[in-house]
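Have a look at the structure below, then the notes.
A short reminder: the numbers here are calculations on the coordinates, not readings from a lab. Treat the numbers as computed from the prediction; the structure is a model and nothing was measured. Positions of Cβ are backbone-derived with ideal geometry, glycine not excepted, and every protein chain shown enters the neighbour counts.
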Amino acid sequence: MKLRNMVLSAALGLGTVALMAAQETQQQPEVGKSAPDFSLTTGDGSQVSLKDYHGKWIVLYFYPKDFTSGCTMEARNFQRDLAKYEESGAIILGVSVDTAQSHKDFCTKEGLNFKLLADPDAKVSTEYGSVMDYKGSKLAARNTFLINPKGEIAKVYTGVKPAGHSEQVLKDLADLKKS
């Protein structure tokens, strides 16, 4: 199981690099525009809609696959910084095409205390210009959207590198809250 995940993780890393040019041609929601609303299932089986968090800052991050190295690093970093996000009034929502059960298992294994949302048909990932093809399957591309309390896109990050990303989002969140 561990070897399979390592091989999948390496392949996803290479696939992500190879697909970044194609990903850049996708249309992400623009800064200042309303964030597309959605309703997705969480690891605990409940439904979450973007509008549920109206009035809060939202870090909406898309990632390729539970249990892979880059995605695990990114999730762990958001978890490490979760108290700082909560202090700033922001919530974190992660989205991938994995199942709700996969998200539940991933959250349990990694001790994640924020919601991961299942987008198995990649509909929401597509709406956010955050989908890539990998060996005939659709995966979420590694993009993040900072959404302001009015429900508007405040900042877009494409082709995210997991190391250091959470720190950058926190810095940008603080700057945006000042303006």
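For region 113-122, enumerate the residues that are free of Cβ contacts under 8 Å to residues at least 60 places away in the same chain and either out of contact with any helix residue (DSSP H, G or I) (no Cβ under 9 Å at 6 or more places or on another chain) or buried (at least 20 other Cβ atoms within 10 Å of the Cβ) (or both).
Scanning region 113-122 gives D121, A122.
For region 132-168, give me each residue that is part of a strand (DSSP E or B), under 18 Å from A122 (Cα atoms) and of a type outside the set (S, T, Y). Let's see the steps before the verdict.
We begin by selecting, within region 132-168, every residue part of a strand (DSSP E or B); these are 132-134, 137-140, 144-147, 152-157.
Restricting the remaining residues to those that are under 18 Å from A122 (Cα atoms) gives 132-134, 137-140, 144-145.
Listed by number, the residues that qualify are M132, D133, K138, L139, A140, F145.
Checking each residue in region 71-91 for being out of contact with any Asp or Glu (no Cβ under 9 Å at 6 or more places or on another chain) and within 24 Å of I153 (Cβ to Cβ) picks out C71, E74, F78, L82, K84, Y85, E86, E87, S88, G89, A90, I91.
If you go through region 130-152 and pick out every residue that is farther than 19 Å from A100 by Cβ, among the small types (G, A, S) and out of contact with any strand residue (DSSP E or B) (no Cβ under 9 Å at 6 or more places or on another chain), you end up with 1.
Could you list, in sequence order, the residues of region 90-106 that are without any contact (Cβ under 8 Å) to a residue 60 or more places away in the chain and within 24 Å of P149 (Cβ to Cβ)? Scanning region 90-106 gives I91, I92, L93, G94, V95. Taken over region 51-64, the criterion of being under 15 Å from K115 (Cα atoms) and touching a Leu at 6+ places or on another chain (Cβ under 7 Å) is satisfied by W57, I58, V59, L60.
Each residue in region 45-69 was checked for being within 20 Å of V169 (Cα to Cα) and part of a strand (DSSP E or B), and 6 of them qualify. Cβ separations smaller than 6 Å between residues 6+ apart or across chains give the following pairs from region 142-155 residues that are touching a residue at least 24 places away in the same chain (Cβ under 8 Å) to residues that are part of a strand (DSSP E or B) and among the charged types (D, E, K, R): L146/K155. Candidates are the residues of region 74-112 that are in a strand (DSSP E or B) and in contact with a Leu (Cβ under 8 Å, 6 or more places away or on another chain); the one that is surrounded by the most Cβ atoms within 10 Å (Cβ to Cβ) is S96.
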